[in-house]
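Report on the structure given below.
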Amino acid sequence: MTIPGGAGGNRPDGNLVDAGSQKTARAFVVAMNSAIRAVRLYPVENAAVQKAIAELSASAERVREVEGHCSLRRVGDYLFVNDTRLRLTFDNYAAVASLLGMFREAGIGGVGLFEKPLPRAWVVLLSFLQSPPLEYPEEDRLAQLVSRLETAQVLDFELFPAADDPEEIDHDLDAKERARQTYVRSLDVTREVITSARLGRSPGLKRVKRAVQGIVDAILTDSASMIGLTTLRDFDEYTFVHSVNVCILAVALGRRLGLSKIQLLDLGLAALLHDIGKSRVPLELLNKRGQLDGDERLVLQRHTWQGVLALFALPSGGVRPWRSMTAAYEHHMRTDLSGYPKVARARKLSLFSKIISVADGFDAATTTRVYQDSPWTPADVLRGMRDNPRLGLDPVVVKAFINLTGIYPVGTVVVLDTFELAIVLASNPDATALSRPLIRILMDDRGNLLGDPTPVDLTMRTASGQFARTIIRTEDPQRYGINIGDYFV
């Protein structure tokens, strides 16, 4: 198979894919992911399933009408609709990561449509893809899935073998696109590890280490792009997204603290796997809405020491991830050891655990979850970390984190003294200007939305020497219907 190639959505012949092709491709991928979720959650006769399948069928037909055929392929860590490489956006990154993981686990490289499939055919296909024949080696699953479809008399689809040679694509990506792809690759890897651990399988650490390597390289070359991606939130993917965000923040913080690249790789691995113990917590407890009772909270707290057991069970080639085990065990302990799990004798927390505790607490507090409808603003979370000793965070590490993010972290919505509304894009590279980040103005002083993406440096001064703009307060983005992730993908 010829690898569909080109950066930025190029076709193999070098002609740029127009915005219409991207829009049609994105709609197809999002519709397929929505249909997969509906088939997984509801009986076939449920109205939600029927609606999702109808939308998937319609989006596939739109692709066929434009290009004459319709296929969805996985090439390495990229998705292609026909020859269009899907660019990552806020509304499709979760769908892309989910489909990549499903195709990989099913042992296929993609699916093509012969004719317009009937709703039953779509339901059968999506059901089979979500329940691949895991009893067979990955390389044999394609043939088994084809046999299953034939037995079910579903002949509307062609399943393709995997094509895992994306190097020529990676080579041409710009820094921001490479950061996005690194994020999705890490999300897919995290889902694979935690899901496999939940099912009692033992995935190796090789692919995880490769994902961490990508994050570390991205932080060392373009940390602003990677930190910006931690503003992404997906309610249904919380555990996986949270683990990737904590990894990015921890590595960036470790770099700020002066750790070497080898140490950053170890730290990144520990951060990405810090919550692997949740694979041993019942899903109904993880997904419970509302506050947990005392017994449920005790069950959830077990994920720390269960994380050690899960990591010990991973094939490691003879070298155990001891630092990752320590961090999994300690990341909810406070510096005075008043957190959990309780310890029998005094101990000093490892530096990795202190770093991961700060990154973990920051991402968790700023995220909407099943039991947290109204997350705190990033600036409020930093203030609490700095001023509330009961949180038990290491003050030196917190100070370094504030120096990394600035007083107003990436994704904070702020009001300026000019009465403009803005969003923080990055901390100011000037270490003496923590309260004057780089921003993007969203609304003018009359509340009109602005489309200019040009960053504004709040250290800029007027001719008289006064600062041109100053932040006077933070704002809740939900009040203005702002999706923070829209500005970073």
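The values are calculated or read from the model by the stated rules, or taken from the named source; none is laboratory data. Everything quoted here is computed from the prediction, not taken from an experiment. Neighbour counts are summed over all protein chains in view; Cβ atoms, including those assigned to glycine, are modelled from backbone coordinates with ideal geometry.
So that you can scan it fast, the table gives a plain yes or no per residue for (1) more than 19 Å from Arg256 (Cβ to Cβ); (2) of a type outside the set (Gly, Ala, Ser); (3) part of a loop (DSSP other than H, G, I, E, B):
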| position | (1), (2), (3) |
| --- | --- |
| Pro375 | yes, yes, yes |
| Leu382 | no, yes, no |
| Ala400 | no, no, no |
| Tyr408 | no, yes, yes |
| Val415 | yes, yes, no |
| Phe419 | yes, yes, yes |
| Asn428 | no, yes, yes |
| Arg436 | no, yes, yes |
| Arg440 | yes, yes, no |
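Listed here are the residues, each with its yes/no results for (1) modelled with pLDDT of 95 or more; (2) buried (at least 20 other Cβ atoms within 10 Å of the Cβ).
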| position | (1), (2) |
| --- | --- |
| Asp394 | yes, no |
| Val398 | yes, yes |
| Gly406 | no, yes |
| Arg440 | no, no |
| Pro453 | no, no |
| Ile471 | yes, yes |
| Asp476 | no, no |
| Ile482 | no, no |
| If only one of Leu404, Leu393, Leu351 is under 24 Å from Gly258 (Cα atoms) and under 24 Å from the mean Cα position of the chain (by Cα), which one is it? | Leu404
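The rows are residues; the columns are (1) of a type in the set (Ser, Thr, Tyr); (2) over 22 Å from Thr190 (Cα atoms); (3) outside the structural domain of Val246 (by TED's automatic domain parsing).
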{"site": "Pro321", "(1), (2), (3)": "no, no, no"}
{"site": "Val343", "(1), (2), (3)": "no, yes, no"}
{"site": "Lys348", "(1), (2), (3)": "no, yes, no"}
{"site": "Ser353", "(1), (2), (3)": "yes, no, no"}
{"site": "Gly361", "(1), (2), (3)": "no, no, no"}
{"site": "Ala364", "(1), (2), (3)": "no, no, no"}
{"site": "Pro375", "(1), (2), (3)": "no, yes, no"}
{"site": "Ala379", "(1), (2), (3)": "no, yes, no"}
{"site": "Gly392", "(1), (2), (3)": "no, yes, no"}
| task | Please state which of the following conditions Lys278 fails to meet, knowing it meets all the rest: (1) assigned to a loop (DSSP other than H, G, I, E, B); (2) among the basic types (Lys, Arg); (3) closer than 19 Å to Ser196 by Cβ. | result | (1)
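Let's see how each residue does on (1) at pLDDT below 90; (2) crowded, with 20+ Cβ neighbours inside 10 Å; (3) touching a Ser or Thr at 6+ places or on another chain (Cβ under 6 Å):
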| site | (1), (2), (3) |
| --- | --- |
| Ala19 | yes, no, no |
| Ala27 | no, yes, yes |
| Ala48 | no, no, no |
| Glu61 | no, no, no |
| Tyr78 | yes, yes, no |
| Asp83 | yes, yes, no |
| Thr89 | yes, no, no |
| message | I'm told Val415 meets every condition in (1) in contact (Cβ under 8 Å) with a residue 60 or more places away in the chain; (2) over 30 Å from Thr335 (Cα atoms); (3) of a type in the set (A, V, I, L, M); (4) surrounded by 17 or more Cβ atoms within 10 Å (Cβ to Cβ) except one. Can you identify the failing condition by its number? | response | (4)
| message | Against the definition (in contact with a Lys or Arg (Cβ under 8 Å, 6 or more places away or on another chain) and within 20 Å of Asn245 (Cα to Cα)), how does Val397 come out, yes or no? | response | yes
| field | Identity of the residue in segment 217-249, touching a Leu at 6+ places or on another chain (Cβ under 6 Å) and of a type in the set (A, V, I, L, M, F, W, C), that ends up surrounded by the fewest Cβ atoms within 10 Å (Cβ to Cβ) | value | Phe240
| Just for segment 204-216: of the residues that are of a type outside the set (D, E, K, R) and surrounded by fewer than 19 Cβ atoms within 10 Å (Cβ to Cβ), which one is nearest to Glu192 (Cα to Cα)? | Gly204
| Just checking, how many residues over segment 150-185 are in a helix (DSSP H, G or I) and either within 23 Å of the chain's Cα centre (by Cα) or modelled with pLDDT of 70 or more (or both)? | 18
| query | Given the structure, is Leu134 in the same structural domain as Val49 (by TED's automatic domain parsing) and at pLDDT 90 or above? | reply | no
